[in-house]
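J.: Before anything else, here's the structure in question.
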Amino acid sequence: MTSHQGERALVVVAHPRADSLTTKAADRVHRRLKAAQYEVDLLDLYAEGFDPRLETADEPDWKDPGKTYSPEVRAHMARIDAADVIVVVFPVWWFGPPAIVKGWIDRVWNNGFAYGAAEARLAGKRMLWLGLAGGASGGYAEAGLNGAMDTQLRMGVSNFCGIEDAELRLVHDTETAAGEQVLAEAETTAADFLFGEAVEG
């Protein structure tokens, strides 16, 4: 495996239960990145008590891209800024990420930081949206749900904010498949994007 010593990864996880498949999958990704010698920052939105509500302090000011946002938001911006790679691990609820992820985007991926500045501040980073979906892949494809989520997350967030090397990958059948099978697939899926390789063994 290629060493990524000196590089930094931000792993964002969004699930209220510490024993959930989503949290366990994020832990697998975390360990995989550590094995590749990334410095890993694990951001558990629920465990850290992130408030997804957009209040006036963090409302974008279109006339002032240099607006100073709340201390909580500035701290999250710094964590994104420091990362070379961002991986968001989430359960697919109502064919999208949980509300806390949407709130994190609303508050933190803000005007003057993620977009609206003279230069694309986040350009050059890599980003993986790793979703754990209960339904089968065939049903998602038939209904066009994969494409809708890809448009929302990869294009609407990552690409819009200058991150061209971004992908949405879904692990399906999480309601029916064995837990270990789901976790192995999540790790393999993440490793394929991050390193271009499958997990050995």
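The values are calculated or read from the model by the stated rules, or taken from the named source; none is laboratory data. Given the structure is predicted, the values throughout are model-derived calculations rather than measurements. Neighbour counts are summed over all protein chains in view; Cβ atoms, including those assigned to glycine, are modelled from backbone coordinates with ideal geometry. Accessible surface areas use protein heavy atoms only, side chains included; no ligands, DNA or RNA. Shrake-Rupley method; radii C 1.70, N 1.55, O 1.52, S 1.80 Å.
J.: Looking at (1) touching a helix residue (DSSP H, G or I) at 6+ places or on another chain (Cβ under 8 Å); (2) open to solvent by less than 30 Å² (accessible area, probe 1.4 Å), which one does residue 187 not meet, given that it meets all the others?
T.: Answer for residue 187: the failing condition is (2).
J.: Can I ask one more? Which numbered condition in (1) within 25 Å of residue 48 (Cβ to Cβ); (2) open to solvent by 40 Å² or more (accessible area, probe 1.4 Å); (3) in contact with a helix residue (DSSP H, G or I) (Cβ under 9 Å, 6 or more places away or on another chain) is the only one that residue 182 fails?
T.: With respect to (1) within 25 Å of residue 48 (Cβ to Cβ); (2) open to solvent by 40 Å² or more (accessible area, probe 1.4 Å); (3) in contact with a helix residue (DSSP H, G or I) (Cβ under 9 Å, 6 or more places away or on another chain), residue 182 is out only on (2).
J.: State the number of residues belonging to the stretch 24-42 that are touching a residue at least 40 places away in the same chain (Cβ under 8 Å) and of a type outside the set (Gly, Ala, Ser).
T.: Looking only at that region, the number is 7.
J.: Would it be correct to say that residue 28 is at pLDDT 95 or above and over 20 Å from residue 131 (Cα atoms)?
T.: no
J.: Could you please find all residues in the stretch 89-131 being assigned to a loop (DSSP other than H, G, I, E, B), farther than 24 Å from residue 56 by Cβ and among the small types (Gly, Ala, Ser)?
T.: 118, 120, 123, 124
J.: When the stretch 43-58 is examined, which residues are found to be among the charged types (D, E, K, R), surrounded by 14 or more Cβ atoms within 10 Å (Cβ to Cβ) and either part of a strand (DSSP E or B) or without any contact (Cβ under 8 Å) to a residue 24 or more places away in the chain (or both)?
T.: The answer is 44, and nothing else.
J.: Can you find a residue in the stretch 24-42 that is in a helix (DSSP H, G or I), over 22 Å from residue 159 (Cβ atoms) and among the polar types (S, T, N, Q)?
T.: No, there is no match, as no residue in the stretch 24-42 is in a helix (DSSP H, G or I), over 22 Å from residue 159 (Cβ atoms) and among the polar types (S, T, N, Q).
J.: Quick check: is even one residue across the stretch 113-121 among the hydroxyl-bearing types (Ser, Thr, Tyr) and either under 26 Å from residue 51 (Cβ atoms) or modelled with pLDDT of 95 or more (or both)?
T.: Taking every residue of the stretch 113-121 in turn, at least one turns out to be among the hydroxyl-bearing types (Ser, Thr, Tyr) and either under 26 Å from residue 51 (Cβ atoms) or modelled with pLDDT of 95 or more (or both).
J.: Any idea how many residues of the stretch 139-166 are without any contact (Cβ under 8 Å) to a residue 12 or more places away in the chain and β-branched (Val, Ile, Thr)?
T.: Number of matching residues: 1.
J.: Next question, about the same structure. Within the stretch 133-142, count every residue that is open to solvent by 40 Å² or more (accessible area, probe 1.4 Å) and in a loop (DSSP other than H, G, I, E, B).
T.: Total satisfying the criteria: 1.
J.: Restricting to the stretch 143-201, what's the tally of residues that are closer than 17 Å to residue 30 by Cβ and either more than 15 Å from the chain's Cα centre (by Cα) or outside any helix (DSSP H, G or I) (or both)?
T.: Here the count works out to 10.
J.: Next question. Is it true that residue 98 is more than 14 Å from residue 12 (Cα to Cα) and not hydroxyl-bearing (Ser, Thr, Tyr)?
T.: For residue 98, the condition - more than 14 Å from residue 12 (Cα to Cα) and not hydroxyl-bearing (Ser, Thr, Tyr) - is not met.
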